[in-house]
Ligand SMILES: C[S@@+](CC[C@H](N)C(=O)[O-])C[C@H]1O[C@@H](n2cnc3c(N)ncnc32)[C@H](O)[C@@H]1O
């Protein structure tokens, strides 16, 4: 980060402080006052009933909280915070932004980002670009799945000149932030100035980290106190990490001890110390097979039996049988130099002595609930049933003592920061930390996203883990100084956050994705130390053990998005970051977004190789990271729609409003991009979704819609524009060479039609010309999708010129511009007719209507076959037929048909197709089946 935050750190103000409209003599008084209110509130049983209220005693919750800015429970001050610092929604104030996408992995090496680990994080630097694009200083940003609160950090740093210019923007003297690469004509992006943030997460471990980035601290005092804790820790448990050097007299300090599981040989039943026999220390890998040191029989890890031994567990006062582990070697330091040795008698007896000590009071002894993370990652053979069993006795001692030292600190702000510091040792100090012979260090060598208990464990000393972190944190907080009162953080289910309607200016969010990560399972390892644990009933994930299905996930996401929709100001934007996940999860997210009222305006993926963004147009097929831009339609549209719903006027009002939100021109390297959302079929899909989600019949067929588009809007390069947009497009279009077509993958009937359209719209072609190209494209045809002949596709969707009468316009303009000899000929000229014969072309909107009717009839006939079929599951079918059938049945309120056929098609197909999912979901809701 260098000197990015090179502001002189100032201690927190000692004088009067203003908070939520009241002035307090100092910050201590502010804290006391709000803690008093929170203490009272905690006694209210109704307050504790709020969904997602963490599991913890009043005292433990109060100890973590710093109200009104942070509460380790639902934050009762959020609404007040927005009232005081936000701006009320004013429909007369113009606001207009285009959807925006930027690299969400930018800034992953920034020290601030790296200061604290969490499962999947979006760097604050990446979020800053979004906040600058969508907001102005003083706006309020919201992230309800905030994790470590990077959105809050980003919001604050939009007021930091050095940080903003590090993004490549130029800042004028008046605070205008502009693109810096265009000299005089630099496009204005925003203005320099911090934004306020509302942050929320279900997990107290997450919000605790977020609060430490949001609340200012006296950096010098913090640095001093970290050293004091480390020194005190050394005084209290330094003896546990001493070992004798090879000279027999110098005492060395242990950096880490490598422990190994012990197995028994399948051949001779004697003991095999795994690390000694199986681990190749040069490559760091496990040998495929290795000989038994006793009988030389070759074996591999799977062929061995893990050995157990019994211990008296003093925390639970029971004998337990745990894997036999032995120390294999120690890495230690003497006067700055590092050495290795095998443990000697003294080392072993030291370990025995430590094992006999009672554990320090802070070490959590809670039993681990049943959870998915206990069923995977070698947790079963490891037999960890209680929290403290994640730690070998010496680590439990040292982390326990360190935690106690931090906890007892008198200054509440420093105390939080010290716990934040010690907390970072927990994962590495646990048995999850692997020994990685090739690793630069043995710190943070656990597998992320899982409790994986390795057979080779590096048990690190607290100094080895924390010394480096201490220096980095001291530096970081010396430079990064959050401002008091710019974030308010709550811990609860997002759907239950209490906030005023239409109060938020922008939402950036990175939600959980299906079954990617079991947050609450994993967070218990840290939360149990705080004694405040996630209440995970509404954790929005797919969870096998808690029996949360994809449908449950979608329902929870819908509830969360509904909250987002409610609190966002009309006409404002939300960015959803989507991590690589299953297509079905992507469909669920789209359905949830649209169901609550959002309109999706742009979906992009970062092409890592090219470093540029590509639009994503197909519903499924998205096994990559996406940036989704969605907006809440402005109040005007919703109000007008109430009056015009179900009429042509309602349709065109929606389209007009939607077009206003879309980018007008996108170019890169002298090429313009087709803006997917401006194409007729995507506009149609959005319009249908807008109606369906509001329970309104769609009054136009696709062909009628397409014909209406042509009449009302200007068409350029296959895209539609409003009158004032088209002038801008035309002007910019002249500055580029060509328009880049979107890449289409043919996987089914619908994409095949789009592909054919792309081929023949500019160049009408014959069957013979198209056929070889078509065959090349259909390699990825879905196996459930009924194969269709090219002839069938052409006949049902396009027109062929039979050589009689006038050559159709579409063919005429192609021939006359591409063949010199065919220029300026009348349309019924013999040679023109001969050249045009048998070419397929895209019908004009009027003829398209007739074709569509015919096609729909045949699709519905097929659908009827599916409905009446006695097959329990249809193996091969036409997705387009199912879509057409669902649409018709839904319009006729025949929900039973939708549900019956939905249950006949494979679940993954239903879940991965956003359109089918929409009809099905609607049918379930309207028939009352999803209660
Ligand atoms: C992908 S993470 C967010 C990470 C974050 N962007 C960061 O930079 O640290 C998703 C978060 O959603 C939280 N979560 C899951 N279900 C939730 C719910 N119903 N309400 C609020 N938060 C929830 C999880 O605890 C997790 O921290």
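Just the residues that are under 22 Å from residue 681 (Cβ atoms) and either surrounded by 22 or more Cβ atoms within 10 Å (Cβ to Cβ) or within 23 Å of the chain's Cα centre (by Cα) (or both), please, taken from region 912-928. Result: 912, 913, 914, 915, 916, 917, 918, 919, 920, 921. Within the bounds of region 540-551, is there any residue that is closer than 17 Å to residue 199 by Cβ and under 21 Å from the mean Cα position of the chain (by Cα)? Checked region 540-551: at least one residue is closer than 17 Å to residue 199 by Cβ and under 21 Å from the mean Cα position of the chain (by Cα). Exactly one residue among 247, 235 is more than 30 Å from residue 177 (Cα to Cα), assigned to a loop (DSSP other than H, G, I, E, B) and free of Cβ contacts under 8 Å to residues at least 12 places away in the same chain, and that residue is 247. Annotation note: of 436, 483, the sole residue that is farther than 24 Å from residue 229 by Cα, in contact with a helix residue (DSSP H, G or I) (Cβ under 7 Å, 6 or more places away or on another chain) and in a loop (DSSP other than H, G, I, E, B) is 483.
Do we have any residue at all in region 493-503 that's within 11 Å of the ligand (Cβ to nearest atom) and under 30 Å from residue 237 (Cα atoms)? Looking for residues that are within 11 Å of the ligand (Cβ to nearest atom) and under 30 Å from residue 237 (Cα atoms), one finds none in region 493-503, hence no.
Check whether at least one residue in region 682-703 is over 21 Å from residue 916 (Cα atoms) and surrounded by fewer than 20 Cβ atoms within 10 Å (Cβ to Cβ), and report yes or no. For region 682-703, residues over 21 Å from residue 916 (Cα atoms) and surrounded by fewer than 20 Cβ atoms within 10 Å (Cβ to Cβ): absent. Among the residues of region 183-222, those that are assigned to a strand (DSSP E or B) and within 10 Å of the ligand (Cβ to nearest atom) comprise 199, 200, 201.
Identification of helices (runs of 4 or more DSSP H) wholly contained in region 828-915 with 3 or more residues that are in contact (Cβ under 8 Å) with a residue 40 or more places away in the chain yields 845-868, 879-891, 907-912.
Do any helices (runs of 4 or more DSSP H) lying entirely in region 500-604 carry at least 3 residues that are surrounded by fewer than 20 Cβ atoms within 10 Å (Cβ to Cβ) and out of contact with any helix residue (DSSP H, G or I) (no Cβ under 8 Å at 6 or more places or on another chain), and which ones are they?
Of the helices (runs of 4 or more DSSP H) lying wholly inside region 500-604, those with at least 3 residues that are surrounded by fewer than 20 Cβ atoms within 10 Å (Cβ to Cβ) and out of contact with any helix residue (DSSP H, G or I) (no Cβ under 8 Å at 6 or more places or on another chain) span 550-567.
Within the set 158, 146, the sole residue that is crowded, with 24+ Cβ neighbours inside 10 Å, free of Cβ contacts under 8 Å to residues at least 40 places away in the same chain and within 30 Å of residue 492 (Cβ to Cβ) turns out to be 158. Looking only at region 173-185, residues that are closer than 19 Å to residue 131 by Cβ and modelled with pLDDT under 90 come to 2 in all. Can you name the residue in region 505-534 that is within 11 Å of the ligand (Cβ to nearest atom) and within 12 Å of the chain's Cα centre (by Cα) and is also nearest to residue 121 (Cα to Cα) among such residues? The extreme case among them is 510.
Would you confirm, using the coordinates I've provided, whether residue 473 is more than 12 Å from the ligand (Cβ to nearest atom) and either touching a residue at least 60 places away in the same chain (Cβ under 8 Å) or under 20 Å from the mean Cα position of the chain (by Cα) (or both)?
yes
Selection over region 634-658 of residues that are within 31 Å of the chain's Cα centre (by Cα), surrounded by 19 or more Cβ atoms within 10 Å (Cβ to Cβ) and in contact (Cβ under 8 Å) with a residue 40 or more places away in the chain gives a count of 2. Based on this model, can you work out whether residue 484 counts as over 24 Å from residue 368 (Cβ atoms), surrounded by 21 or more Cβ atoms within 10 Å (Cβ to Cβ), in contact (Cβ under 8 Å) with a residue 24 or more places away in the chain and more than 14 Å from the ligand (Cβ to nearest atom)? So residue 484 does not fit the description; no.
Residue by residue, here is whether (1) farther than 27 Å from residue 74 by Cα; (2) away from the ligand (no atom under 16 Å from the Cβ); (3) modelled with pLDDT under 85; (4) over 17 Å from the mean Cα position of the chain (by Cα) holds:
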residue: 554; (1), (2), (3), (4): no, no, no, no
residue: 560; (1), (2), (3), (4): no, no, no, no
residue: 574; (1), (2), (3), (4): no, no, no, no
residue: 595; (1), (2), (3), (4): no, yes, no, yes
residue: 599; (1), (2), (3), (4): yes, yes, no, yes
residue: 604; (1), (2), (3), (4): yes, yes, yes, no
residue: 610; (1), (2), (3), (4): yes, yes, yes, yes
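No other residue among 403, 427 is modelled with pLDDT of 95 or more and surrounded by fewer than 23 Cβ atoms within 10 Å (Cβ to Cβ) apart from 427. The set of residues in region 250-268 being part of a loop (DSSP other than H, G, I, E, B), in contact with a helix residue (DSSP H, G or I) (Cβ under 7 Å, 6 or more places away or on another chain) and buried (at least 16 other Cβ atoms within 10 Å of the Cβ) is empty. Scoring residue 895 on the criteria (1) surrounded by fewer than 20 Cβ atoms within 10 Å (Cβ to Cβ); (2) closer than 27 Å to residue 597 by Cβ leaves a single failure, condition (1).
Among the residues of region 291-300, is there at least one that is farther than 20 Å from residue 359 by Cα, part of a strand (DSSP E or B) and at pLDDT below 90? Yes, the conditions are met somewhere in region 291-300.
Before we move on, is residue 838 out of contact with any strand residue (DSSP E or B) (no Cβ under 6 Å at 6 or more places or on another chain), surrounded by fewer than 17 Cβ atoms within 10 Å (Cβ to Cβ) and farther than 19 Å from residue 752 by Cβ? Answer is no for this residue. Residue check: residue 73 meets all listed conditions (1) crowded, with 20+ Cβ neighbours inside 10 Å; (2) assigned to a helix (DSSP H, G or I) but one, namely (2).
Of the listed requirements (1) under 40 Å from the mean Cα position of the chain (by Cα); (2) modelled with pLDDT under 90, residue 316 misses just one: (2).
Yes or no, residue by residue, for (1) farther than 18 Å from residue 115 by Cβ; (2) touching a residue at least 40 places away in the same chain (Cβ under 8 Å):
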| position | (1), (2) |
| --- | --- |
| 167 | yes, yes |
| 175 | yes, no |
| 212 | no, yes |
| 218 | no, yes |
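Residue by residue through region 13-53, note down the ones that are in contact with a strand residue (DSSP E or B) (Cβ under 6 Å, 6 or more places away or on another chain) and surrounded by 15 or more Cβ atoms within 10 Å (Cβ to Cβ).
17, 24, 27, 30
The combined condition, being under 25 Å from residue 707 (Cα atoms) and surrounded by 20 or more Cβ atoms within 10 Å (Cβ to Cβ), is fulfilled by residue 675. Taking the condition assigned to a helix (DSSP H, G or I), within 22 Å of residue 414 (Cα to Cα) and away from the ligand (no atom under 15 Å from the Cβ), does residue 112 pass? So residue 112 does not fit the description; no.
The values are calculated or read from the model by the stated rules, or taken from the named source; none is laboratory data. As the structure is a prediction and not an experimental result, all values here were calculated from the model. We place every Cβ from the backbone using ideal geometry, glycine too, and count neighbours over all the protein chains shown.
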